[in-house]
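Trainee: Sharing a structure, written as structure tokens. Questions coming.
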Amino acid sequence: MSYVAPILIGIAYVLLMSLVREPHRRRLNALMVAGAGAAYLSGGGLGGWEFAFTALSTYVAYRGLDSWSFIGIGWLLHTAWDVVHHLKGNPIVPFAHSSSLGCAICDPVIALWCLGGGRTPAELVRVVRVEPGVR
């Protein structure tokens, strides 16, 4: 269940975000990437590298204001940072030892959706019907 729950959380995130209309959906997701990039700052588990990662995430989030691709890249960067924290740093939730691992499983689900253009489920169905066989 510790591997399934993060995937379900990622899917729930995507479904809830799909309720927000464009262009607000993209901009809100860019803000979420910025927030995720700063999530480990107070833990200080990796010293000055926390500031470097936050600066990188802020830049990627800024570029994400106009680009779903950058938002997806931001979530993938956060996935990598989650893995580093799971192995060497502090967990994202101080009282939950495996929380960074859960975040590392959840984030790629969101990243895939973003790299696909952050479409709603209805938009995805239309794309599949209009372009059968195209993946």
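The values are calculated or read from the model by the stated rules, or taken from the named source; none is laboratory data. Since the model is a prediction, treat every value here as computed from it, not as a measurement. Every residue, glycine as well, gets a Cβ built from its backbone with ideal geometry; the counts of neighbours run over all protein chains shown. We work out accessible area using only protein heavy atoms, side chains counted, and drop any ligands, DNA or RNA first. Shrake-Rupley method; radii C 1.70, N 1.55, O 1.52, S 1.80 Å.
Trainee: Just give me the residues in region 48-71 being of a type in the set (Val, Ile, Thr) and open to solvent by 40 Å² or more (accessible area, probe 1.4 Å), in sequence order.
Mentor: Of all residues in region 48-71, those of a type in the set (Val, Ile, Thr) come to 54, 58, 60, 71.
Passing the criteria: only Thr58.
Trainee: Does Gly35 satisfy the criteria of being under 14 Å from the mean Cα position of the chain (by Cα) and either surrounded by fewer than 19 Cβ atoms within 10 Å (Cβ to Cβ) or at pLDDT 95 or above (or both)?
Mentor: Yes: the conditions hold for Gly35.
Trainee: Exactly one of these conditions fails for Ile92: (1) at pLDDT below 95; (2) surrounded by fewer than 20 Cβ atoms within 10 Å (Cβ to Cβ); (3) closer than 13 Å to Ala36 by Cα. Give me its number.
Mentor: With respect to (1) at pLDDT below 95; (2) surrounded by fewer than 20 Cβ atoms within 10 Å (Cβ to Cβ); (3) closer than 13 Å to Ala36 by Cα, Ile92 is out only on (2).
Trainee: Given the criterion over 18 Å from Ile105 (Cα atoms) and open to solvent by less than 70 Å² (accessible area, probe 1.4 Å), identify the matching residue among Gly45, Gly10, Gly74.
Mentor: It is Gly45.
Trainee: If you scan region 41-62, which residues turn out to be out of contact with any Pro (no Cβ under 9 Å at 6 or more places or on another chain) and either on the phi > 0 side of the Ramachandran plot or touching a residue at least 12 places away in the same chain (Cβ under 8 Å) (or both)?
Mentor: Leu41, Gly44, Leu46, Gly47, Phe53, Thr54, Leu56, Ser57, Thr58, Val60, Ala61, Tyr62
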